[in-house]
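In what follows, a single structure is set out as structure tokens and then discussed.
The values are calculated or read from the model by the stated rules, or taken from the named source; none is laboratory data. What you are looking at is a predicted structure, and each value in this text was computed from that prediction instead of being measured. Don't worry about glycine lacking a Cβ; one is built from the backbone with ideal geometry, like all the others, and counts go over all protein chains shown.
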Amino acid sequence: MLSLDHLNVVFNLGTRRAPVPLKAVRDVTLNLEKGDCLGLVGESGSGKSTIGRTILGLNRIETGRITFEGVDIGNLNRKSEMQLRQSAQMIFQDPHSSLNPRMTIFRSVAEPLVLHTSMRGAELRERVQELLNTVGLETQFLYRYPHELSGGQKQRVCIARAIALNPKLLVLDEPTSALDVSVQAQILEFLKGLQQRLGLTYLFISHNLAVVRHMCNKTAVLYLGRVIEEGPTEELFQKPLHPYTRALIDAVPLPKSGQDKRSKLIRGEIPSPIDLPPGCAFYGRCPHALDGVCNLTEIGHFSAGADRYVSCVLQDPQRSAALS
Amino acid sequence: MSQPIIEIRNYSLNFWTFDGVYHALDDVNLTVEKGQSLGIVGETGCGKSVTVRNILGLLPSPPAEVVSGEILYDGKDLLKALPAEMHRIRGIEIAMIFQDPMTYLNPVFTVGRQLVDVVLAHNRARGQGEKISRKDAETRAIEMLNKVRLPNAEKQMSNYPHQLSGGMRQRVLIAMALIGRPKLLIADEPTTALDVTIQAQILELIAELVEELNLSVMMITHDLGVVAKSCDRVAVMYAGKVVETGTVAQVFDHPAHPYTQGLLRSIPHPEKNVSVLEGIPGFLPNLLDPPAGCRFAERCPRALDICRKVTPVGNPLAGGHVASCHLAEELEAASA
Amino acid sequence: MTQENIIMAEERQATWRERHQSTIRQLRLYAHTYSRNASAMLGLAIVALFFFVALFGPLFVPYPEDATGAIHLDNKLQPPSWEHWFGTDEVGADVFTRVIVGARVTLHISLFVTVVAMLIGVPLGIAAGYHGGRIGQVIMRLTDVFLSVPALILAIAIVGSMGPGVQNAIIALALAWWPGYVRLVQSKALSIRSAIYVDAARTMGASNFRIIFVHILPNCASPIIVKASMDMGMSILGIASLGFLGLGAQPPYPEWGAMISTGRNYLPDWWWYSFFPGISIFITVLGFNLVGDGLRDVLDPRGRK
């Protein structure tokens, strides 16, 4: 349904004459089938949000292709663009800043309907009310302004706006990370139910591993713009193959007693995405790094079971064959 | 039992707003013992930040108004302390670190300059005869940066804050907080803006420094995982009240307040495979006009008639575990 | 039938209240915050008085013909008295009358200047901020050139080339005044352009036109209003300066600056001639500035520091 094929996105931090390229997304290939919920996990600078925004046409594709229902997103005409705008929608991290502070809830939710349909007047109001009911908001909010709503309510408004045109794909960019946990739980469950009811496909972008594990059937882990591991969620979490995935999972503090206040951790910080050294981007922090291997050559993706890929030399079948 | 380093007693605080009086805190009681770390956890609007802000007198009044209570530090009520006394306590006896280190670092001075200034200012505030030279102050600063495990400490002294990464800035801020050798560290969401791998490093650092420098810690966070991992005791706050306190094991393994239980059922737990997150339906009560009785009653699945009439007081359970709920004993037993 | 009508009317009223309940509350909050600011309230009183005088004053002045250059030489340069509150000038015209009528002239001119400056500056600012690119560059450099010359000097130069007169002075001031709006709106539009709600609108397929008018312009409104209220005062000062220099209104046109200019020759013995127009300018400009400050505190609290 949605496929990313060797996608590269580059930002220019410099000027046109003296460009400073930042490779935000490097050679990413992903596939979503109808009804999937694919989790994109990574820390800041991993390019997870950039991927989402690129799918919605907010960033320019450097090389590679994104196809959505067979249509190449890279070159759209006006008609197919309007088509895409209806069938793919995005929900952003901060519900507060994704609503225009000068627009009432009614006008915000009505915006896509006004843009794409001929609904007006009473019909429009009815549809907006219906949408608000769908996301569990009372109609008393219709003529309120965003600042009068709580974070969870605002995110529900954003969801109502996103599903107004019956889209097929929702890109959820950290949809709950600005929310409190009790509200997060409600929104997550609501999104899950919505997916089943409307047969939606989700691209779920999050830094929160527990949330991704709860929500997604497939997960891809990103590090500095590259997918370093990908697979069915449960398998990936139970048996992470890439040292970074392992470290990421270990770093999350759990809500239970009896944890050691100190634990063995990966050292160092994420290197700057400008001027990346050759080889594995995780080389500098990896506890298993092999000098002369990991820091020299680009690491390919190795298959590790059904639908599982990992980008680490330790998982290279040829190498392990050669060693043994 | 060891001595408390700070004790907040019957603390109530109001804010004057356009819409009326906002009852931000109601009868808050918290104690941190020497060498202990207390995690204060709760959701937006529960008053966790407000509680600690006034320990250092950081809330402007008006609009804030202390209605009742005292904050005892070493037996002295900080709410009644004179400005000169506060000046001596702030940063030297009690230090604070914040969520966004960039806001608290001055972007136009180097890291070294800012640390040195703090050392000199502390020296002046202490008012001891011996004057410390700039050179000595610099040595102290580098020593401290090494202590917070900032790589290339000496070189970093001449860097500006924007040249550091988020994790490194937080280390600098911790160094700045601890350079006056405080006895109590207040950490307000210290890792919220950081990535998980960096968060883990910072939490570990704080744990190590607590032991090394014999610190007591008050850590405010919304993340139950952070509290569970890095604190000894937990206080759960809801709508301006402390609803439950106890050790990490008591609160996480035997939660005795329905709100705590609701919170724990709201987060996806990587080890228990829950299929449905329950969440807590409903909203925070309007603190401009707080309801009678228990403030959680409206959202509570176990609420009884009494809950809407009588405000529950701290119900002591075994081993210092306290829950402000009429049903605390029953719930604690049931959650075993 | 009538009863039905009443019910329907009631219903409609109720829904109107309901629909605007949030707006009403917001406005009440603004009014409350503003009214607690004493200097802003003083400014508001001055501005209200100024508008009242400018709109209705000319209808009640004691000697209406004096405003347009009637001459009573036997009555010239009389000190303030019961018949002539502000005294009379060198041709015997009543200064009080001329000051009141001058208020209307001043209001006309300053409104025109401010509105024209906004009409030029805001669209250019939006274009530069939202569109950016080469067009934005060109607009901003042009603005910088204009801003590098003080507005008044620029206006003097423009009038100089067109010849003195009220019309030309107004045009000159309007032309000198717009760059401030470009700067203001450009920076605001630039930050709103990357706001998430604009991204969201874009992903929904909103056109640039819609994004500008629905999302960007309304969110630029507060600082524009604040600047406009300040500029009312500043343009009064500007027009009076041009009049004083003999480049704007020419005597006997009842314009405050021109009156001071002529009255200056009669100082200090016939002080009232230039004093009353002068104090009028002072108070009015002060009033607009206080209102602008007050509005800024209410609408744009962060814009202060």
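Structure notes:
Conditions tested, residue by residue: (1) within 30 Å of residue C:167 (Cβ to Cβ); (2) modelled with pLDDT of 90 or more.
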site: C:182; (1), (2): yes, yes
site: C:187; (1), (2): no, yes
site: C:212; (1), (2): no, yes
site: C:215; (1), (2): no, yes
site: C:224; (1), (2): yes, yes
site: C:239; (1), (2): yes, no
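- Lone qualifier among C:100, C:139 - being within 14 Å of residue C:184 (Cα to Cα) and either without any contact (Cβ under 8 Å) to a residue 60 or more places away in the chain or in contact with an Asp or Glu (Cβ under 7 Å, 6 or more places away or on another chain) (or both): C:139
- Once region C:207-225 is narrowed to residues that are among the polar types (S, T, N, Q) and assigned to a helix (DSSP H, G or I), the residue that is surrounded by the most Cβ atoms within 10 Å (Cβ to Cβ) is C:219.
- One residue from C:143, C:106, C:114 being part of a helix (DSSP H, G or I) and over 18 Å from residue C:227 (Cα atoms): C:106
- Failed item, numbered, when residue B:265 is tested on (1) modelled with pLDDT of 90 or more; (2) among the charged types (D, E, K, R); (3) surrounded by fewer than 23 Cβ atoms within 10 Å (Cβ to Cβ): (1)
- For residue B:33, the conditions (1) under 26 Å from residue B:260 (Cβ atoms); (2) at pLDDT below 85 all hold with the exception of (2).
- Failed item in (1) surrounded by fewer than 21 Cβ atoms within 10 Å (Cβ to Cβ); (2) modelled with pLDDT under 85; (3) more than 19 Å from residue C:96 (Cα to Cα), with residue C:293 passing the rest: (2)
- Some residue of region B:311-319 being on the phi > 0 side of the Ramachandran plot, in contact (Cβ under 8 Å) with a residue 12 or more places away in the chain, among the small types (Gly, Ala, Ser) and within 14 Å of chain A (Cβ to nearest Cβ): yes
- If you check A:147, A:116 for being surrounded by fewer than 17 Cβ atoms within 10 Å (Cβ to Cβ), at negative phi and within 8 Å of chain C (Cβ to nearest Cβ), only one passes: A:116.
- Condition check for residue A:161: crowded, with 20+ Cβ neighbours inside 10 Å and either over 15 Å from the mean Cα position of the chain (by Cα) or in a helix (DSSP H, G or I) (or both): yes
- Qualifying residue in region B:130-143 (condition: among the polar types (S, T, N, Q) and either within 14 Å of chain A (Cβ to nearest Cβ) or touching a residue at least 12 places away in the same chain (Cβ under 8 Å) (or both)): no
- Answer from C:303, C:257 - the residue that is modelled with pLDDT under 90, in contact with a Lys or Arg (Cβ under 6 Å, 6 or more places away or on another chain) and either in a loop (DSSP other than H, G, I, E, B) or not hydroxyl-bearing (Ser, Thr, Tyr) (or both): C:303
- Which numbered condition residue A:284 misses (of (1) away from chain B (no Cβ under 11 Å); (2) in contact with a strand residue (DSSP E or B) (Cβ under 8 Å, 6 or more places away or on another chain); (3) in a helix (DSSP H, G or I)): (2)
- First in region A:206-217 and more than 7 Å from chain B (Cβ to nearest Cβ) and farther than 20 Å from residue A:244 by Cα, second anywhere and small (Gly, Ala, Ser) and buried (at least 23 other Cβ atoms within 10 Å of the Cβ), Cβ under 7 Å, 6 or more apart: A:215/A:39
- Residue match in region B:104-120 (condition: under 28 Å from residue B:21 (Cβ atoms) and not in a loop (DSSP other than H, G, I, E, B)): no
- Members of region B:285-309 found to be under 17 Å from residue B:244 (Cα atoms) and aliphatic (A, V, I, L, M), listed by number: B:297, B:303
- Of all residues in region A:237-252 being in contact (Cβ under 8 Å) with a residue 40 or more places away in the chain and assigned to a loop (DSSP other than H, G, I, E, B), the one that is nearest to residue B:202 (Cα to Cα): A:252
- Some residue of region A:164-179 being assigned to a helix (DSSP H, G or I) and within 12 Å of chain B (Cβ to nearest Cβ): no
- Sole residue being assigned to a helix (DSSP H, G or I), buried (at least 22 other Cβ atoms within 10 Å of the Cβ) and out of contact with any strand residue (DSSP E or B) (no Cβ under 6 Å at 6 or more places or on another chain), chosen from A:108, A:98: A:108
- With respect to being hydroxyl-bearing (Ser, Thr, Tyr) and surrounded by fewer than 23 Cβ atoms within 10 Å (Cβ to Cβ), residue B:335 fits the description.
- Residues satisfying the stated conditions in region B:305-336, i.e. modelled with pLDDT under 85 and within 18 Å of residue B:27 (Cα to Cα): B:313, B:314, B:315, B:316
- The single condition from (1) touching a Phe, Trp or Tyr at 6+ places or on another chain (Cβ under 6 Å); (2) buried (at least 18 other Cβ atoms within 10 Å of the Cβ) that residue B:279 fails is (1).
- Taking the criterion of being free of Cβ contacts under 8 Å to residues at least 60 places away in the same chain and either among the β-branched types (Val, Ile, Thr) or exposed (fewer than 15 other Cβ atoms within 10 Å of the Cβ) (or both), the residues of region C:54-75 that qualify are C:55, C:56, C:59, C:60, C:61, C:62, C:65, C:71, C:73, C:74.
- Pairing each residue of region A:58-86 that is more than 21 Å from residue A:116 (Cα to Cα) with any residue that is among the aliphatic types (A, V, I, L, M) and assigned to a helix (DSSP H, G or I), provided the two are 6+ apart or on different chains, yields C-beta distances under 7 Å for A:66/A:55.
- Pairing residues of region B:98-121 that are without any contact (Cβ under 8 Å) to a residue 24 or more places away in the chain with residues that are loosely packed, with under 15 Cβ neighbours inside 10 Å and in a helix (DSSP H, G or I), at Cβ distances under 7 Å and at least 6 apart in sequence or on separate chains, gives no pairs at all.
- Scan of region A:115-144 for residues that are assigned to a loop (DSSP other than H, G, I, E, B) and not hydroxyl-bearing (Ser, Thr, Tyr), ordered by number: A:119, A:120, A:135, A:136, A:137, A:138, A:142, A:144
- For region A:5-53, residues that are of a type outside the set (Gly, Ala, Ser) and without any contact (Cβ under 8 Å) to a residue 12 or more places away in the chain total 5.
- Test: residue in region C:178-191 that is within 14 Å of another protein chain (Cβ to nearest Cβ), in contact with a His (Cβ under 8 Å, 6 or more places away or on another chain) and either in a loop (DSSP other than H, G, I, E, B) or not charged (D, E, K, R) (or both): no
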